[in-house]
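The values are calculated or read from the model by the stated rules, or taken from the named source; none is laboratory data. What you are looking at is a predicted structure, and each value in this text was computed from that prediction instead of being measured. Because the Cβ atoms are built from the backbone with ideal geometry, glycine has one as well, and the counts that use them run over all protein chains shown. Ligands, DNA and RNA are stripped out before the accessible areas are found, and what is left, the full protein with its side chains, is counted by its heavy atoms. Shrake-Rupley method; radii C 1.70, N 1.55, O 1.52, S 1.80 Å.
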Amino acid sequence: MTSPSPAARRSRGRPAVPLDRILATALQLVDEEGAEALSMRSLAQRLESGTATLYRHFGNRATLVTQVIDRVFGEIELDSRALAELSWDEACQAVARAMFDTLGRHRKVAPLLIEQTPTGPNAMALRERCLAVLLDGGLPPSVAARAYATLARYVLGFAIQLAGAGDGAEQERASARFHELPEGEFPATRAVADSLPVPLADEFAFGLDLIVAGLRQRHAR
């Protein structure tokens with residue numbers, strides 16, 4: 001009995017799934033269920049396919065995560081020409097805010113960035129553009145590298161908190177609690193109670209200003 005040809009055997013299997021659809025579905029899975037829910041099996045179930053379909057594109061979960069992360073980096077809106085026209089400190093602000101805004105649209109994806117350093121083509125292009133501006137601004141290579149790394153880690157740290165950020169009602173409850181504290185025991189907290197809790201976006205902007213101001217002062221020396 002003649003064995004079926006490879007083409008015939010493939011035709012009986014599940015149809016191939018386009019890579020773009022796989023990555024879009026993987027990101028949707030993370031957005032809805034969290035980074036820990038992303039596995040080859042769970043993704044295959046979402047796609048109504050088999051894990052063998054995924055292994056045609058990814059050798060393992062780590063490779064899948066790399067491409068999901070890079071898909072997110074591809075959503076970061078930064079015009080290379082406009083970025084090149086900014087001063088190096090303005091560019092730092094622009095890159096950090098753009099990264100934070102994008103991660104804010106995918107509030108559960110940040111834990112994936114803890115697993116590995118982004119090295120996909122979109123992430124590499126963003127790093128290259130930012131480092132080029134820093135170097136053109138006169139920062140030594142070692143300082144430019146550390147400046148970008150610090151900004152990226154700072155953004156990631158705040159992005160991780162986005163998934164657990166409370167709603168308006170939670171903010172109001174916390175504010176009421178600060179105002180109810182006994183002034184004799186917590187005079188300092190009561191003195192700033194009108195400003196507590198600080199909204200996460202405000203914390204991010206304030207800290208970013210401090211980081212860039214510190215880099216600016218170091219560079220001036």
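Details
- Selection count, region 150-161, where residues are without any contact (Cβ under 8 Å) to a residue 60 or more places away in the chain and open to solvent by 50 Å² or more (accessible area, probe 1.4 Å): 3
- Answer residue from region 106-143, given it is among the small types (Gly, Ala, Ser) and on the phi < 0 side of the Ramachandran plot and is most open to solvent (accessible area, probe 1.4 Å) among those: SER142
- Selection from region 79-98 of residues that are modelled with pLDDT under 90, in a helix (DSSP H, G or I) and not aliphatic (A, V, I, L, M): SER80, ARG81
- The residues of region 30-68 that are touching a residue at least 12 places away in the same chain (Cβ under 8 Å), polar (S, T, N, Q) and part of a helix (DSSP H, G or I), listed by number, are SER42, THR53, THR66, GLN67.
- Which numbered condition THR102 fails, given (1) closer than 30 Å to LEU38 by Cβ; (2) touching a residue at least 40 places away in the same chain (Cβ under 8 Å): (2)
- Checklist (1) part of a loop (DSSP other than H, G, I, E, B); (2) over 16 Å from VAL17 (Cβ atoms) applied to VAL72, failing item: (1)
- From the list GLY207, GLY164, GLY138, GLY184, the lone residue that is assigned to a loop (DSSP other than H, G, I, E, B), more than 27 Å from ASN60 (Cα to Cα) and in contact (Cβ under 8 Å) with a residue 40 or more places away in the chain is GLY138.
- Members of region 99-119 found to be within 13 Å of ARG71 (Cβ to Cβ) and assigned to a helix (DSSP H, G or I), listed by number: THR102, LEU103, ARG105, LEU112, LEU113
- Being closer than 30 Å to LEU131 by Cα and of a type in the set (D, E, K, R) is a description that does not apply to ASP194.
- Residue match in region 187-196 (condition: in a helix (DSSP H, G or I), within 24 Å of VAL30 (Cβ to Cβ) and among the acidic types (Asp, Glu)): no
- So LEU86, is it crowded, with 17+ Cβ neighbours inside 10 Å and among the aliphatic types (A, V, I, L, M): no
- Flag if ALA147 is out of contact with any Pro (no Cβ under 9 Å at 6 or more places or on another chain), part of a helix (DSSP H, G or I) and either in contact (Cβ under 8 Å) with a residue 60 or more places away in the chain or among the basic types (Lys, Arg) (or both): yes
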